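Worksheet: the structure to be examined is printed underneath.
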Amino acid sequence: MELYLDGKIYEAGEGQTVLELARACGVPVPSLCYHEGLKPYGACRLCLVEVIGGGRPGIHSSCTLPVSPGLEILTASQKVLNARKITAELLLARSPDNPAIRRIAAQCGVPHTDLPSHHESCILCGRCVRACAQLEVHAIGFARRGMDRRVTVPFSKASRACIACRACCNVCPTGAIESVIFPDRIQIKHLESEPLELEKALCTRCGKPYVPDRAWRHVQQKQPAFLKAAQPVCPSCRRSEQISRLMGRSHG
Amino acid sequence: MKVRSKSELDELRKKGWECLRPSGGISLVVGMASCGLAAGAEAVYRKAVEIAGRRPGDCRILKTGCLGFCQREPLVEVRTSAGERMVYGPVASSELEGYIEEWSRGIFPDKGKIGPLPPLPPNPPPTASLLSWLPDHPFYKHQVRLASRNCGHIDPEDLAQALALGSYQGLARCLSAHSPEEVLREVKSSGLRGRGGAGYPTGSKWETARNAPGANRYLICNADEGDPGAYMDRSLLEGDPHAILEGMIIGAYATGSRHGLIYVRMEYPLAIERMRHAIEEASSLGFLGEDILGTGFAFDVDIVEGAGAFVSGEETALIAAIEGRMAEPRPRPPYPAIEGLYGCPTIINNVETWANIPMIIENGASWFAGLGTAGSKGTKVFSLVGAVAHTGLVEVPMGTPLRAIVEEIGGGARPGRKLKAVQTGGPSGGCIPAERFDLPVDYESLAAQGSIMGSGGMVVLDDESCMVDIARYFLDFTRSESCGKCTPCREGLDRMLHILENIADGKGTEQDLDRLIDMSLGIKDASLCGLGKSAPNPILTTLNDFRHEYLAHVLDRSCPAGVCKALITYGIDSGACSGCEACAKFCPTGAISGEKDLPHRIEVEKCVKCGACREVCRFEAIRVGAAG
């Protein structure tokens with residue numbers, strides 16, 4: 001299908017979002033809560049674009065806006081730039097010390113703000129919550145509303161569901177969720193909750209610590225076809241096992 | 001017993017009519033919606049039952065919903081066997097004995113009399129029709145009660161009475177004589193628009209859902225009324241639940257839906273109780289459930305109690321709440337009519353919208369379209385509250401001038417006060433200044449003023465209201481009700497409230513006013529859902545029409561209305577003070593002292609500026625002056 005970005009015709013594919021199209025075509029649109037591996041959420045309101053034809057006119061978040069034939073989009077109208085600027089300034093006021101936020105705010109024309117600052121490390125983009133949900137772990141979620149909204153685990157206690165997969169840390173744009181990898185365990189701290197420490201299971205071949213036991217069991221449960229009878233084997237043991245198999249030797 | 005034939009239905013209607021119209025003696029009908037109960041209707045009802053127990057056959061006691069004139073609650077209507085009807089209020093239980101004595105002798109004393117209602121004819125009307133109200137009373141004469149047609153006439157817990165006034169006649173007609181397509185066409189051509197706030201054409205919404213792919217469809221009645229000062233939906237639910245149910249069943253027939261849900265906030269326990277009872281009654285007579293009225297059509301309705309977040313009135317948040325998730329909105333598209341509850345096409349309409357449907361079917365689209373204006377058809381229910389002589393539930397044709405609502409129905413300002421503005425649309429709406437009270441009240445005219453129709457809250461403000469304080473109040477509300485999902489609404493409303501509080505504290509600057517406008521416009525465009533998109537409206541409209549009040553706060557450091565605490569001091573005019581000691585008794589901090597019969601004075605250090613003294617003073621001796 002064909003549609004218009006800033007007056008130019010582009011070819012878009014079924015199921016694509018406007019943000020994905022813009023990215024693919026090299027049209028710059030800032031974003032924060034968007035992550036290519038996660039379900040779009042539309043919360044940070046940086047990727048705003050304006051629909052001027054072919055759809056319901058007005059400002060939309062491009063990460064949640066599906067492409068449709070004949071859609072006419074402006075990615076940098078005055079309205080869009082103003083709305084983005086306010087949003088960026090509000091994010092900066094929330095997390096004025098965060099380098100990632102400062103960079104995005106500066107890109108949107110807000111080098112500094114005189115609004116009262118809150119010095120929060122988490123900007124509530126929800127990437128971590130979505131990653132955790134998509135991995136079917138559901139260890140973290142949002143609690144409370146408005147300015148009291150928090151990413152947290154139930155009762156702020158060390159999570160009993162977290163598998164220490166660290167997906168949340170990896171997708172966090174501001175580094176708000178901390179984790180430390182020790183030789184024998186992983187420590188993870190979901191914002192203001194109690195830190196969680198998970199022991200690593202031992203490799204059944206070499207006996208060295210490998211992945212957190214809970215993570216192993218979670219994957220085993222979710223993918224029984226692959227892993228039902230398997231035992232944790234660390235990558236280096238697995239490699240030598242496979243080499244042995246390829247060379248026709250029995251492993252053991 | 002399921003109703004299967006017209007004669008069975010007529011039999012029920014006859015029974016209901018006998019309840020409504022006494023055949024001997026008198027009937028007392030006590031207004032027992034939440035408004036009445038809050039004013040003491042329960043005690044009146046109990047007393048009435050007690051007295052009636054001593055006069056068997058001579059006096060019957062009935063309950064009804066909201067009669068509308070909340071200012072005069074507890075309201076009692078007396079009906080005689082001659083068909084006469086007279087409304088009284090406020091009626092105290094202690095006066096009841098005397099009243100009943102006179103009423104049963106056909107005497108209608110002047111004390112507490114509001115006026116006569118047109119008599120009930122000997123037989124029930126053949127179709128659902130609008131009963132007239134007090135045709136000569138200023139509160140009622142401009143009103144056309146369509147959605148609230150039966151509220152205040154019937155006992156909401158007696159289906160027979162609703163049937164007597166024509167409930168479910170429209171449904172019977174639909175099922176027996178019209179195809180779903182015809183019903184849909186009728187609703188579409190009536191021009192009915194959603195009464196919940198946004199005013200989206202109801203018929204188009206139904207059509208989208210009907211044509212959307214999917215085997216299952218849901219209907220939802222949005223009864224999560226949350227605007228401060230608004231109680232339209234509550235009154236309809238408590239006064240005539242069958243109008244809403246009938247509308248939903250007709251909607252289900254037109255759109256091919258099998259299940260309906262009523263999402264009611266849990267703070268409306270009486271509405272929930274009466275609706276639950278109505279569903280049971282309607283099911284037992286075969287208006288709901290399998291094989292409705294023997295036609296093979298099936299539809300059921302459940303109640304979902306909402307746990308009290310303002311944002312769950314937003315349709316996508318409401319769906320999330322019903323599904324058991326946090327009540328958070330999501331971006332649209334997809335629209336709920338295509339992908340809603342559990343991913344199925346879902347039609348969400350407000351309580352009042354549903355209550356209008358049966359009358360459209362009964363009287364025809366063109367009859368409905370004959371009411372109102374070119375773009376806004378029918379009537380609208382408002383809850384008229386605030387600084388006005390008569391408060392209450394009001395229903396007028398769309399396009400009625402604001403002045404008629406405020407000054408005639410509402411009776412204008414209270415004695416000695418001057419009207420300043422009307423706030424429409426609740427925290428999402430704006431303030432219309434008194435100079436523009438000739439504005440016709442319809443979707444387009446209100447939008448052109450930067451306000452919205454909203455669900456129908458109407459708060460009247462007079463010269464004792466500070467517009468900075470009003471904007472601050474509504475912003476404080478939306479800020480604390482924001483779900484916090486999107487940045488502009490969560491962070492923006494908080495920072496704007498900070499700026500407004502500064503202004504109210506006399507620490508603002510003129511630049512702050514421009515800053516508020518910039519932020520408001522940005523937040524309106526950038527926010528995810530209707531809450532954030534409309535929350536700046538009270539600021540924008542007050543800044544537009546009452547900029548001088550803001551300027552007084554930032555330039556002169558004064559609050560002209562004498563409201564903003566940081567900018568005022570309380571004092572006592574020694575010439576006017578009689579030394580009655582009332583103020584000293586009521587002062588919560590003991591800031592007032594003086595000898596009896598001699599002028600009192602206020603210690604500024606102890607005074608918390610609560611205004612209690614001013615309220616109790618009968619000599620207008622309490623003076624509010626500029627601080628400092």
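What does the C-alpha gyration tensor say about the overall shape of the range B:565-626? Classify as rounded when a/c is under 1.5, otherwise prolate if a/b is larger than b/c, or oblate. Note, shape of the range B:565-626 comes out prolate. Using the Cβ-Cβ distance between B:ARG258 and B:LEU551 with R0 = 51 Å, the FRET efficiency computed as 1/(1 + (r/R0)^6) comes to roughly 0.30. Fraction of C-alpha pairs exceeding 27 angstrom in chain A: 51 percent, rounded to a whole number. Computed extension length for B:LYS111-B:LYS606: 173.7 nm, one decimal, from 0.36 nm per residue of separation with the Cα-Cα distance subtracted.
Legend: Rg and Dmax of the protein assembly as shown, from Cα coordinates, 31.8, 113 Å. Taking amide H positions as modeled 1.01 Å from N, with prolines and chain starts lacking one, the residues under 5 Å from A:LEU71 and 5 or more places away or on another chain are A:TYR4.
Of the residues B:PHE287, B:PHE586, B:PHE297, the one with the largest accessible area comes first in the ranking B:PHE586, B:PHE297, B:PHE287, computed with a 1.4 Å probe on protein heavy atoms. Per-residue surface analysis assigns B:HIS498 an accessible area of about 80 Å², computed on protein heavy atoms at 1.4 Å probe radius. The residue list A:GLY37, A:TYR4, B:ILE361 was ranked by how far each Cα lies along the charge dipole of the protein assembly as shown toward its positive end, using unit charges on Cβ atoms, and A:GLY37 comes out on top. When the range A:161-252 is described by a simple charge dipole with +1 on each Lys and Arg Cβ and -1 on each Asp and Glu Cβ, the residue from A:VAL180, A:CYS165, A:PRO235 located farthest towards its positive end is A:PRO235. Karplus-derived 3J(HN,Hα) values for the range B:508-521, using 6.51 cos²θ - 1.76 cosθ + 1.60 with θ = phi - 60°, are x, 10, 5, 4, 4, 5, 5, 4, 4, 5, 4, 5, 4, 5 Hz; glycine and proline are entered as x. Trypsin sites (Lys or Arg not before Pro) within the range A:151-208: which are DSSP loop residues with at most 10 other Cβ atoms inside 10 Å? When the trypsin sites (Lys or Arg not before Pro) of the range A:151-208 are filtered for loop state and at most 10 Cβ neighbours within 10 Å, A:ARG160 remain.
Under a model in which nothing but the beta-carbon of Lys, Arg (+1) and Asp, Glu (-1) is charged, the range B:467-555 shows a dipole of about 300 debye around its Cα centre. The accessible-area ordering, largest first, of the residues B:TRP367, B:TRP17 stands as B:TRP367, B:TRP17, per a 1.4 angstrom probe. Between B:LYS377 and B:ARG193, the built amide H atoms are under 5 Å apart, and every one of these is 5 or more places off in sequence or on another chain. Measuring only protein heavy atoms, the 1.4 Å probe finds B:PHE546 accessible over about 10 Å².
Rounded to the nearest 20, the size of the Cβ-charge dipole of the protein assembly as shown about its Cα centre is 2620 debye, with Lys and Arg at +1 and Asp and Glu at -1. Kindly work out what percent of the DSSP beta bridges joining two residues of chain B are antiparallel, to the nearest 5. Antiparallel bridges: around 60 percent, rounded to the nearest 5. For the range B:308-380 versus the range B:142-192, the inter-centroid distance based on Cα atoms is 17 Å. Distance between the pseudo-spin-label points of A:ARG185 and B:ASN502 (7 Å out from Cα toward the beta carbon): 4.8 nm. In chain B, the longest principal axis of the Cα atoms and the axis of helix B:241-255 are about 60 degrees apart. Computed from backbone phi, the HN-Hα couplings of the range A:52-62 come to 10, x, x, x, 5, x, x, 8, 10, 7, 6 Hz, rounded to whole numbers (Karplus: 6.51 cos²θ - 1.76 cosθ + 1.60, θ = phi - 60°; Gly and Pro given as x). Placing unit charges on the Cβ atoms only, positive for Lys and Arg and negative for Asp and Glu, gives the range B:480-615 a dipole magnitude near 280 debye about its Cα centre. Here B:LYS63 is the anchor, and the lysines within straight C-alpha reach of less than 28 Å, apart from those fewer than 8 places off in the same chain, are B:LYS2, B:LYS6, B:LYS14, B:LYS15, B:LYS47, B:LYS111, B:LYS113, B:LYS141, B:LYS380. The GluC sites (Glu not before Pro) of the range B:299-391 meeting both criteria, a DSSP state outside H, G, I, E and B (loop) and at most 14 other C-beta atoms within 10 angstrom of the site's C-beta, are B:GLU323.
Starting from the Cα gyration tensor of chain B, take the square roots of the eigenvalues, sort them a ≥ b ≥ c, and report rounded, prolate or oblate (rounded when a/c is under 1.5, otherwise prolate if a/b is larger than b/c, else oblate). Because a/c hits 1.5 or more and a/b fails to exceed b/c, chain B counts as oblate.
The orientation-averaged projected area of the convex hull spanned by the Cα atoms of the range A:1-125 comes to 7.5 nm².
Couplings for the range A:38-51, taken from phi via the Karplus curve 6.51 cos²θ - 1.76 cosθ + 1.60 with θ = phi - 60°, read 10, 5, x, 10, x, 9, 6, 6, 8, 7, 4, 9, 10, 8 Hz in order; Gly and Pro are left as x. With the charge dipole of the protein assembly as shown set up from +1 on Lys and Arg Cβ and -1 on Asp and Glu Cβ about the Cα centre, the Cα lying farthest toward the positive end among the listed residues A:THR75, B:LEU159, B:ALA566 is that of A:THR75. The accessible surface of the range B:14-121, taken with every protein chain in place and a 1.4 Å probe, is 53 percent carbon and sulfur. Computed from the Cβ-Cβ distance with R0 of 60 Å, the FRET efficiency linking A:VAL233 to A:ALA106 stands at 0.80. The length gained by stretching the chain between B:THR589 and B:SER5 to full extension, at 0.36 nm per residue less their Cα-Cα distance, is 203.2 nm. In straight-distance terms, cross-link reach from A:LYS8 covers every one of the lysines whose alpha-carbon lies under 21 Å from its own, apart from those fewer than eight places away in the same chain; here that gives A:LYS79. The Rg/Rh ratio of the range B:379-455, with Rg taken over Cα atoms and Rh as the Kirkwood radius over Cα pairs, comes to 0.92.
Counting Cα-Cα pairs of the range B:467-555 in 5 Å increments starting at 0 gives whole-percent bin shares of 3, 17, 30, 26, 15, 8, 2, 0.
The alpha carbon centroids of the range B:212-282 and the range A:82-128 are separated by 42 Å. Rounded to the nearest 10 degrees, the inclination of helix A:213-222 to the longest alpha-carbon principal axis of chain A is 70 degrees.
Take B:PHE368: with every protein chain present and a 1.4 Å probe, its accessible area is about 0 Å².
In the full protein context, the protein assembly as shown carries 40 Å² of accessible surface per residue, based on a 1.4 Å probe and ignoring ligands, DNA and RNA.
Got a sec? Which residues in the range A:78-108 would a label at A:ILE52 touch, if it sits 7 Å along Cα→Cβ and we count backbone N under 14 Å? Answer for the range A:78-108: A:78-81. Projecting label points 7 angstrom from Cα along Cα→Cβ for A:GLU72 and B:ALA448 puts them 2.6 nm apart. For the range A:99-142, accessible area lost to neighbouring protein chains reaches 50 Å² or more, against the chain alone with a 1.4 Å probe, at A:LEU115, A:PRO116. Angle check, please: helix A:235-246 long axis (alpha carbons) against the longest principal axis of chain A (alpha carbons), in degrees 0 to 90, nearest 10. With both axes taken from Cα atoms, the answer is about 70 degrees.
Residue order by solvent-accessible surface for A:TRP216, B:TRP103 is A:TRP216, B:TRP103, largest first, with ligands and nucleic acids left out and a 1.4 Å probe.
For A:LYS208, a cut-off of 28 angstrom between C-alpha atoms picks up these lysines, skipping any fewer than 8 places away in its own chain: A:LYS189, A:LYS200, A:LYS222, A:LYS228.
Computed from the C-beta positions of B:THR127 and B:ALA43 and an R0 of 35 Å, the FRET efficiency is 0.40 to the nearest 0.05. Extending 7 Å from the Cα toward the beta-carbon at both B:ARG417 and B:ARG436 defines two label points whose distance is 2.2 nm. In this structure, the amide hydrogen of B:SER593, modeled 1.01 Å from its nitrogen in the peptide plane, lies closer than 5 angstrom to those of B:ARG601, B:GLU603, counting only residues at least 5 positions away or on a different chain.
The values are calculated or read from the model by the stated rules, or taken from the named source; none is laboratory data. In this text, all values refer to a predicted model and were calculated from it rather than measured experimentally. So basically every Cβ, Gly included, is an ideal-geometry build from the backbone, and we count neighbours across all protein chains shown. Remember, those area values only see protein heavy atoms, side chains included, never the ligands or the DNA or RNA. Shrake-Rupley method; radii C 1.70, N 1.55, O 1.52, S 1.80 Å.
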